[in-house]
1. Quick check on the exposure proxy: order 261, 75 from fewest to most C-beta atoms within 10 angstrom.
2. Do you know the relative contact order of the chain, to the nearest whole percent, from alpha carbon pairs under 8 angstrom that are 6+ apart?
3. Compute the angle between helix 272-285 and the longest alpha-carbon principal axis of the chain, please, reported from 0 to 90 degrees and rounded to the nearest 10.
4. If each residue's Cβ is checked for other Cβ atoms within 10 Å, how do 34, 230, 133 rank with the fewest at the top?
5. For region 156-280, give me the percentage of DSSP beta bridges that are antiparallel, rounded to the nearest 5 percent.
6. Starting from 0.36 nm per residue, how many nanometres of slack lie between residue 75 and residue 10 once their C-alpha separation is accounted for?
7. Separation of region 243-294 and region 115-138 by C-alpha centroid, Å?
8. Under a crude label model (7 Å from the Cα following the beta-carbon direction), how far is residue 27 from residue 58 in nanometres?
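Read the figures in this text as sums done on the coordinates, not as results from a lab. Bear in mind the structure is a predicted one, so any value in this text is a computation, not a measurement. No Cβ is skipped: glycine too gets one built from the backbone with ideal geometry, and neighbour counts run over all protein chains shown.
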C-alpha cells in the first residue's frame, strides 16, 4: 500500500492460484467442501482510494469493458463484490463511505484466480487503513465470509491450506518465491456452472508436508495432486487442454495445471528466464490469449 492517508491510497489485489484443488464433499445447501493449497502471484488488479463527497466506484483497464451496468453500480444494490464490501464495511464500522474507489481491472473475469474476491479483500484492507480500523475487528470474519468463500483467504493474502467451503484457513507449508506464468483464453468460466458439471468422486482431505521450500520437492508433491474441476471446465472451455499442452511444451516448465474453476492455467518454472521466454513465445503465437509472467509467493 502507498498512502498519504487522507489524500490517496493504492492497494494491490493479487491473483489467487489453486496449486491443487480437491473436492471432498457436497453440502445440503449446494456448496462443496474443498481441499486446496492456495498461493498468490504478483500479477493482479489495482485499486485507488481517494476522498469524495459520496461513494463512487469507477473501473478502468483492459477488462473494464466486460463490466455490465449492475457491476458498475455504486449503490448498495450493486452486484460488484468490491462495491458490496465498501457498503458492508462502512455499515459494520459505522463510517461514511465518502470515497472514490477506482479499480484497474487487469485480471480476466470469471477466470478461476479469485479476481472479484481479491478486489473485495483489497478494498477492505485499504479501508481498514483509510479509516484507522483494526484488522482484528470482531465483525470482519462474518462480513468477509458473507461476501464470498474466497474473500477471507484473499484478505490474508498468504499461502494457505484451505478447507471447508474455503472458509477454513490453515497455515501452508513454507514455500520459496517461484517463477510463474498465467494463461487464459479470454473466455469466462462460471464457477456455478463448473460445479454443476462436476461428476468426479469425492476425495479425502490431503495432509501437506511441513516444508515445500525445495522446488523439486514442491513439484513432486503437486504432481500427486489434481484439480478435480478440470474435466467439468473442459465441457465449457475445451481450449484449456490446448493451453495446458502448450505450457507443458515450454522449456523449463515443471508443471502446468488449471487454477480454481478455470479457465486460467498456470505453469511453474525453476528459472525466471525460462518463464519470461515461455510467456513471450505463447503470447506471440496466441495473440487472443491473456498471458502474464511473474512470481508466486513474492511479498
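1. Listing 261, 75 from fewest to most nearby Cβ atoms yields 75, 261.
2. 22 percent
3. 90 degrees
4. Values: 34 24, 230 20, 133 17.
Listed from fewest to most nearby Cβ atoms, that is 133, 230, 34.
5. Close to 85 percent.
6. 21.2 nm
7. 31 Å
8. 3.8 nm
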